[in-house]
Amino acid sequence: MDRGHRAVPHTADVRVEAWAPDREGCLAEAVAALVETFADTAGARSDAEADFTVPAGGDEDLLVAVLDEVIFRLEIEGTLPLETEAQPVDGGVRVRWRTTGTDAVELVGAVPKAVSLHGLRFSGTDSGWRCAVTVDV
């Protein structure tokens, strides 16, 4: 299975889907999908790194926590991830971002406000991992 992501039309909100061979790759693709819904990062260069750990929990909880962190840092710090690496740790996940400030990118869409739990999906099969999430804008 290849890695990838896309935005899907959704009334008044943003819906993204992502897929990858493993859970951590799918999380990274979901972050990229979310960022692409509101920012044009072409040509942007990272000027900082950030990392955090999401404790063990259900897979959907991990997805929500990682995407919530994108929104939190966007609102509080004015930063967003350009590259995401995720590694499993004790049932949870350690996330490392290469980041840039919002002043280094062009905002092209509605800025996300919250991750919706309605219609949230994140699961793995023998052929890889897939997720779908709606984000309130």
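Assorted remarks:
- Ratio of the Cα radius of gyration of segment 25-67 to 2.2 N^0.38 Å, where N counts its residues: 1.34
- log10 of Debye I(q)/I(0), alpha-carbon scatterers only, for segment 1-77 at 0.21, 0.22, 0.23 Å⁻¹: -1.15, -1.24, -1.32
- Between Ala48, Ala86, Ala28, the GNM of the chain built on Cα springs shorter than 10 angstrom shows Ala48 fluctuating the most.
- Pairwise Cα separations in segment 85-137 fall into 5 Å bins from 0 onward with the following percentages, short to long: 4, 12, 12, 20, 25, 16, 8, 3, 0.
- With all projection directions averaged, the alpha carbon convex hull of segment 6-50 covers 4.2 nm².
- Per residue, the chain reaches -8000 deg cm²/dmol at 222 nm when only DSSP H runs of four or more residues are counted, each adding -39500 (n - 2.57).
- In terms of Cα atoms, the Rg and Dmax of segment 61-112 work out to 12.1, 37 Å.
- When only Cα pairs below 8 angstrom with a gap of at least 6 residues are kept, the chain shows a relative contact order of 32 percent.
- Taking the square roots of 5 times each eigenvalue of the Cα gyration tensor of the chain, largest first, gives ellipsoid semi-axes of 21, 17, 14 Å.
All of the numbers you see were taken from the coordinates with simple rules; none came from a lab. None of these values were measured; they are calculated from a predicted model.
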